Amino acid sequence: MQQQIVNVLLCGVGGQGILKASQILAESAMMSGYDVKKAEVHGMSQRGGSVVSHVRFGARVYSPLISLGEADFILAFEPLEALRNLSFIHSEGVIILNEEKIMPQSVRAGQAEYPKEIIDPCVRAARETIATHATHAAEQLGNRRVTNILMLGILSKFLPFSEETWQKAIQKNVPPKTVELNLKAFRYGRQLIEQPDRVAKFRANENGVTV
C-alpha cells in the first residue's frame, strides 16, 4: 500500500465530527510515513449541513481531491450523505455506513422524502458495504459524540497504520479530559467489525443479489 495512493472520503452532517475524524486520519497517515493531502470541499460544517472531507495518502500525493469513482473507502456518518457521495466510490471500494438517520431541513419541512433504499445502491456501487448503528454503540459507551472515533476504529482495520499510531493521533486531537473515552470508542470500533450481530456486511454477487 506504500506505493499506491489511498483515497478516503468522509461524509456526514455538521455536528458529527467529520472534520475531527479526517484530521486524525490524516495525522495517522503522516506519522506512518505517508505523504498526505486533505481537503474539505462541500457544504458547511454548521450543525445540520452536509460536510465532506477528502483524505489522500501514499508515497507521493499531488492533489487533495478525490476524483469520481476513485475513493477506496467512504466513511459515511449518515445514510443519506452516503447516497449523495456514492459516485466517488471505486467499484472495488468499501463503504462503512453509520445507520443513524438525520433528517435534512427539506424532509422536516415536508418538501422532500427521506430515501427508502440506502443499502442496495451502496451494495451495487462498492465491493463491500459495512453497516452498523455506530451512534447507538457510542451512546452505550457513554457519549454519542464519540461516534466519529468509533467509526475510525472500524476504518482502521483496513488501513496499514499501527494501533499505537492511531492512539497517538487521537490523543493529540481530542480534549485531554475525553482521551480515555475516545480511545475506548476507537478500540470498540476495531472490535465491532468482528461482531456479526452488531455489524452487517453486504456484497453483490454475479446476479446483482446482496449476500
If the requirement is being charged (D, E, K, R) and more than 19 Å from the chain's Cα centre (by Cα), which of these qualifies: K157, K172, K184?
K172
Is at least one residue of the stretch 44-52 within 12 Å of the chain's Cα centre (by Cα) and either buried (at least 22 other Cβ atoms within 10 Å of the Cβ) or at pLDDT 95 or above (or both)?
yes
Can you confirm whether the stretch 4-19 contains a residue that is of a type outside the set (G, A, S), over 17 Å from the mean Cα position of the chain (by Cα), more than 18 Å from F77 (Cβ to Cβ) and at pLDDT below 95?
yes
F202 passes all but one of the listed conditions (1) within 23 Å of L19 (Cβ to Cβ); (2) crowded, with 16+ Cβ neighbours inside 10 Å; the exception is number (1)
Please verify whether A185 is aliphatic (A, V, I, L, M), closer than 22 Å to A26 by Cβ, in contact with an Asp or Glu (Cβ under 8 Å, 6 or more places away or on another chain) and not in a strand (DSSP E or B), treating the condition exactly as stated.
no
Condition (residue is touching a Ser or Thr at 6+ places or on another chain (Cβ under 8 Å), small (G, A, S) and crowded, with 23+ Cβ neighbours inside 10 Å) applied to the stretch 140-155: is it met by at least one residue?
no
Inter-residue pairs, beta-carbon under 9 Å, first at negative phi and in the stretch 142-169, second surrounded by fewer than 19 Cβ atoms within 10 Å (Cβ to Cβ) and among the hydroxyl-bearing types (S, T, Y), 6+ apart
N143/T178; R145/T178; V146/T178; L159/S32; P160/S32; F161/S32; S162/S32; T165/S32
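The values are calculated or read from the model by the stated rules, or taken from the named source; none is laboratory data. Please read these numbers as outputs of a predicted model, since none were measured by experiment. Ideal geometry is used to build each Cβ from the backbone, glycine not excepted, and the neighbour counts take in all protein chains shown.
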